[in-house]
1. Considering just Cα atoms, how many Å³ per residue does the convex hull of the stretch 233-342 enclose?
2. Please list 3J(HN,Hα) in residue order for the stretch 367-382, calculated via the Karplus relation 6.51 cos²θ - 1.76 cosθ + 1.60 where θ = phi - 60°; whole Hz, with x for glycine and proline.
3. Taking only protein heavy atoms and a 1.4 Å probe, what accessible area per residue, in Å², does the chain have with all protein chains in place?
4. At 222 nm, what value in deg cm²/dmol follows for the chain if DSSP H runs of at least 4 each add -39500 (n - 2.57) and the sum is divided by all its residues, to the nearest 500?
5. Where a ≥ b ≥ c are the square roots of the eigenvalues of the C-alpha gyration tensor, would you call the stretch 92-182 rounded, which needs a/c under 1.5, or, failing that, prolate if a/b is larger than b/c, or oblate?
6. Based on the Cβ-Cβ distance of Leu482 and Gln461, what FRET efficiency does E = 1/(1 + (r/R0)^6) give at R0 = 22 Å, to the nearest 0.05?
7. Taking every DSSP beta bridge that has both residues in the chain, what percent is antiparallel when rounded to the nearest 5?
8. Taking Lys115 as the anchor, which lysines have their alpha carbon closer than 22 Å to its alpha carbon, excluding any fewer than eight residues away along the same chain?
Amino acid sequence: MQTILELEGLSLPAQVESFQPIQGGYILHGNLLALLHPFGYTKFYRHGFHSWSLSCWLDLSSSLEPPVVKSLYPQFDHPALLADYPFTGSGVGALQGSDGRTLLLGALGLDARVKADDQVLRGSAEPVTAPAEWFLAYGEEQAVFVRYAELLKDRLGAPKFTHPWRAQPPRVWCSWYSVFTNISEELIYSTLAGLQGLPFDVFQLDDGWQVSIGDWEANPKFPSGMLALARSIREAGYTPGLWLAPLIVQPKSSLFQNHSDWLLCDGQGQPVPAGHNWSDLFYALDVTLPDVQDWLSEQIQKVVGWGFGYLKLDFLYAAALPGVRHLNLSGETAFRLGLDVIRKAAGDAYLLVCGAPILASLGLADGIRIGPDVAPYWDNPERSQHLHDHTGPSTLNAIRTCLGRLWLRPLVQIDPDVTFFRTRYNLLLPHEMDLLRTLTGITGFRATSDLPFWLDPGERQALHDFLETSPQIERLSYYRFLVAGQEVDFSFVMQL
Ligand code: 9PG
């Protein structure tokens, strides 16, 4: 139907299936919505598909080119969003009004997109039996996102914490941003010894412990096995944490070789490449297959049984890519089914999802990585300027997208990735390190990968203080904060 929606002094001609006013705005229904807006070339809030995908306010008049990506490698954003880049987002989008207020259109379900141009704001959702449900609001930016988050919580839930990390996210030491895949049992033991006295909650092994992507067993660098390793970590006083990418498979794995019928395929029956990493393409599992669900459940119960109480689950977007599935479900809905299987198998273990579709993880994940990887350097111009890709590892990219996703904080613990205390092997300038540390303070999720023997006594003390104290932070506007009495303005980071 065509109608005119009256909203805080705005009259918006609209094409919707139905609408009803609620506190703070309207609930709209429809799989294809269109709203005529009067703002012309204003700013658009783009929300990317998964953890690493670009999320921030952009000028509709800017000519941001799509990232130069091989079509085979959809690891930066959803293929449909890349095809319609950049003024299309996943789940939620918003426009800045002429008076500075925000017009927000947010889906209250999965598999939805919002796009805008200088005249129309559109919502589209993959068809399901009932028309999709949306929230539309006009008001002060933080207020409309807060209301949207409340409605999302009603529909998708919030984590049911049974552990002491409910009030404060765990403080994590993670192996990735120092040694990458070069971890070994020896290095883990020496790091554990070196960290004694530093108040971490979790000691997390990242990528590099497994036989292959698909074969989740200890490789020869861990001769004592994962059960013994987890026991040692626990004896040292930390919750053992482990990285897994349980929804993807690489061709060299025995999982791939023995179960090629478990892969997400295209309409021609060919496996859908889900990205390129570890020197090869990798593929996604069809998580709607009962055998895959049984296998997933077994893998998660196995690692939790080894003693790992914190799981970093990575590259999860793969299971939400377009494809033909055993059950006729669209991508995010299928993915959520898989995450639900994992959630049930994990029991009370903390689940940090990474490279994960955002809305589809709500209510099931305890924490979500909300930006790209940080790096011990500010920018990577080869990638950001020449390839127009703002999802690659860099502190600038991480800060930008994380700041664009702070509205998720009432719904889930938000992980901005690690921060750095070392000056060794680090090109970040002191003020860049400070910005990253401030962001970590804003999210409340504190982590580092610095090896203890890389830190001088002053750096170790700074890390200790960072873990012991939470700075007083007051939000002045979306990108300006008062941190322990000092103003920190991130606005320049947001410019693209
Ligand atoms: C382990 C890492 C770390 C890190 C994750 C994730 O597009 N890519 O090829 C790509 C590779 C790695 C990556 C992100 C993207 O990093 O975010 O914290 O766990 O995997 O391999």
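1. 104 Å³
2. My calculation for the stretch 367-382 gives x, 10, 5, 10, x, x, 5, 6, 8, x, 8, 7, 9, 10, x, 4 Hz in order.
3. In whole numbers, the chain has 38 Å² accessible per residue.
4. -7500 deg cm²/dmol
5. prolate
6. E(calc), rounded to 0.05, equals 0.35.
7. 75 percent
8. Lys43
The values are calculated or read from the model by the stated rules, or taken from the named source; none is laboratory data. From a predicted model like this one, the values you see are computed outputs, not experimental measurements. Don't worry about glycine lacking a Cβ; one is built from the backbone with ideal geometry, like all the others, and counts go over all protein chains shown. Protein only, heavy atoms only, side chains kept; ligands, DNA and RNA dropped before computing areas. Shrake-Rupley method; radii C 1.70, N 1.55, O 1.52, S 1.80 Å.
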